[in-house]
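First the structure, in the form of structure tokens, and then the observations on it.
The values are calculated or read from the model by the stated rules, or taken from the named source; none is laboratory data. Every value quoted in this text rests on a predicted model; they were computed, and no experiment measured them. Here the Cβ positions follow ideal geometry from the backbone for every residue, glycine too, while neighbour counts run over all protein chains shown. Heavy atoms of the whole protein, side chains included, go into the accessibility calculation; ligands, DNA and RNA do not. Shrake-Rupley method; radii C 1.70, N 1.55, O 1.52, S 1.80 Å.
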Amino acid sequence: MSVLSAGQLNCRVTIKSPNTALDPYGALVPGWNTLMTVWASIEPLTGRELQSALQLASVVTHQITVRYHPTLVDTRRVATFRAIYKERIFNIHAALNEDESNVLITLLASEGLEAN
């Protein structure tokens, strides 16, 4: 079973989902809706540098751990979400219900090249 110690979740993270709205001229404008703000733990996993359009960019993958929430269980849906911590943007790629115990959710995310 997953164990959660006091103080482990020490980062205040906002989870956002994509949406589209109409501007005054009727055009679709992409945006983000805030789903929830939660306490989390953010741990870097790997880092790499890529050359894209003749510019060097770096991508860092992270593991973001949060308390269980039913909204975060469907990996296909969660893969469209992003997490915001201070000024940092993390694109979420997967959600893992640790031990299927409904205690912790581990979000696998990247920060860098594709975090626009």
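Cβ separations smaller than 9 Å between residues 6+ apart or across chains give the following pairs from the stretch 34-46 residues that are of a type in the set (F, W, Y) to residues that are assigned to a strand (DSSP E or B) and surrounded by 11 or more Cβ atoms within 10 Å (Cβ to Cβ): W39/C11; W39/R12; W39/V13; W39/V66; W39/R67. Applying the criterion of being among the aliphatic types (A, V, I, L, M) and open to solvent by 50 Å² or more (accessible area, probe 1.4 Å) to the residues of the stretch 22-44, the residue that is nearest to L96 (Cα to Cα) is L35.
For the criterion of being assigned to a strand (DSSP E or B), at pLDDT below 95 and open to solvent by 20 Å² or more (accessible area, probe 1.4 Å), T71 fails. Considering the stretch 9-52, and only residues there that are among the polar types (S, T, N, Q) and modelled with pLDDT of 90 or more, the residue that is nearest to R88 (Cα to Cα) turns out to be T14.
Could you run through the stretch 74-102 and say how many residues are of a type in the set (D, E) and either under 20 Å from P44 (Cβ atoms) or open to solvent by less than 60 Å² (accessible area, probe 1.4 Å) (or both)? Let's see the steps before the verdict.
Keep residues of the stretch 74-102 that are of a type in the set (D, E), which gives 74, 87, 98-100.
Now restrict to residues that are either under 20 Å from P44 (Cβ atoms) or open to solvent by less than 60 Å² (accessible area, probe 1.4 Å) (or both): 87, 98.
Counting residues in the stretch 74-102 that are of a type in the set (D, E) and either under 20 Å from P44 (Cβ atoms) or open to solvent by less than 60 Å² (accessible area, probe 1.4 Å) (or both) gives 2.
For the stretch 63-95, a residue qualifies if it is closer than 15 Å to C11 by Cβ, of a type outside the set (K, R) and without any contact (Cβ under 8 Å) to a residue 24 or more places away in the chain, and exactly one does: E87.
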